[in-house]
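S.K.: Structure in structure tokens, see below.
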Amino acid sequence: MPLWGIPVWFLYAPRRVKCKEHGVVVEHIPWSEGKRPLTTAMMGFLARWARRLSWRETAQVFQVSWESVYRSVEWFVDWGLQHRQLRGAEAIGVDEIHWGRGLKADNFLTVIYQIDAGCRRLLWIGRQRTEKTLRTGLQELGGEFVQGLRLCAAICGNPT
């Protein structure tokens, strides 16, 4: 990672311990996760910038690979999903998004998002625009979440 244009490396050898119960155990590194080459702080930093710039621009500006930006965004999204709080959501919107070329079912996404007054956020995306896809999304959000809903707005893209 460059710091004021100067390449900087952080090198640390984690300690290994041979435990009678668990075998060889490697020390937990609080600033990193697994064997990732970037620290968690750097991955969060890149993921936040990737919201403002394209992933390629983010990689160029911070002199990292496009894959580092991609992996950082992926890590950040996974972390967010694991720590997401769905309690209190009372209103959702359901929409379909066309992507790609043609009008095949595979070129549509079903999107579920929260539309409460104090919180607007994407909750789930699934391929195709079918009833089965919507049911899958609601099942993944959970029965407790669905029971707490008071409003569901479905956006109809085709009036026919």
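The values are calculated or read from the model by the stated rules, or taken from the named source; none is laboratory data. Just so it is clear, the model here is predicted, and its values are computed rather than measured. Cβ sites come from the backbone with ideal geometry, for glycine too, and all protein chains shown count toward neighbours. We work out accessible area using only protein heavy atoms, side chains counted, and drop any ligands, DNA or RNA first. Shrake-Rupley method; radii C 1.70, N 1.55, O 1.52, S 1.80 Å.
S.K.: Which ³J(HN,Hα) values in Hz, rounded to whole numbers, follow from the phi angles of region 108-124 under the Karplus curve 6.51 cos²θ - 1.76 cosθ + 1.60, where θ = phi - 60° and Gly and Pro get x?
M.R.: Couplings: 10, 10, 9, 10, 10, 9, 7, 10, 5, 4, x, 8, 10, 7, 6, 10, 7 Hz.
S.K.: Quick one: what Rg and Dmax do you get for region 82-150 from the alpha carbons, in Å?
M.R.: That works out to 12.8, 38 Å for Rg and Dmax.
S.K.: I've got another one for you. Calculate the all-directions average of the projected area of region 43-160's alpha-carbon convex hull, and give it in nm². Don't skip to the end; give the middle numbers.
M.R.: Details: hull surface 36.9 nm².
If I average the Cα hull's projected area over directions, I get 9.2 nm².
S.K.: Per residue Cα convex hull volume for region 34-99, in cubic angstrom? Walk me through the numbers on the way to the answer.
M.R.: Details: hull volume 8.6 nm³, N = 66.
Hull volume normalised by residue count: 130 Å³.
S.K.: Taking the alpha-carbon set of region 1-60, what are its Rg and Dmax in Å?
M.R.: Expressed in Å, the Cα Rg and Dmax of region 1-60 come to 16.1, 50.
S.K.: If you don't mind, there's one more thing I want to ask. Work out how much length Cys152 to Val26 would gain on full extension: take 0.36 nm times their residue separation and subtract the Cα-Cα distance, in nm to one decimal.
M.R.: Extra length from Cys152 to Val26 when fully extended: 40.5 nm.
S.K.: Sticking with this structure for a sec: Give me the one-decimal nm value for the distance between modelled label points at Glu90 and Arg135, 7 Å along each residue's Cα-to-Cβ direction.
M.R.: Using points 7 Å along Cα→Cβ, the separation is 3.0 nm.
S.K.: Run the dipole for region 39-147 about the Cα centre, Lys and Arg Cβ at +1, Asp and Glu Cβ at -1, nothing else charged, and hand back the magnitude in debye, nearest 20. The partial results should precede the final answer.
M.R.: On the way: 15 positive and 12 negative charges, 48 e Å.
Charge dipole of region 39-147: 240 debye, to the nearest 20.
S.K.: Say R0 is 30 Å: what FRET efficiency, to the nearest 0.05, do Arg121 and Phe10 get from their beta-carbon distance? Walk me through the numbers before you get to the answer.
M.R.: Working: r = 34 Å, r/R0 = 1.13.
Plugging the Cβ-Cβ distance into 1/(1 + (r/R0)^6) gives 0.35.
S.K.: Can you list residues from other chains, or at least 5 along the same chain, whose modelled amide H is less than 5 Å from the amide H of Leu123?
M.R.: Residues meeting the criterion, in which the H sits 1.01 Å from N, are Ile112, Tyr113, Gln114.
S.K.: With each run of n ≥ 4 DSSP H residues scored as -39500 (n - 2.57), what mean residue ellipticity at 222 nm is computed for the chain after dividing by its residue count and rounding to the nearest 500 deg cm²/dmol? Each step should come with its number before you reach the end.
M.R.: Working: 5 runs with 53 residues, N = 160.
One gets -10000 deg cm²/dmol as the mean residue ellipticity at 222 nm.
S.K.: Turning to a different aspect of this structure: Any idea of Tyr70's accessible area? Nearest 10 Å², probe 1.4 Å.
M.R.: Roll a 1.4 Å probe over it and Tyr70 shows about 80 Å².
S.K.: Accessible area of Ser54, 1.4 Å probe, to the nearest 10 Å²?
M.R.: 50 Å²
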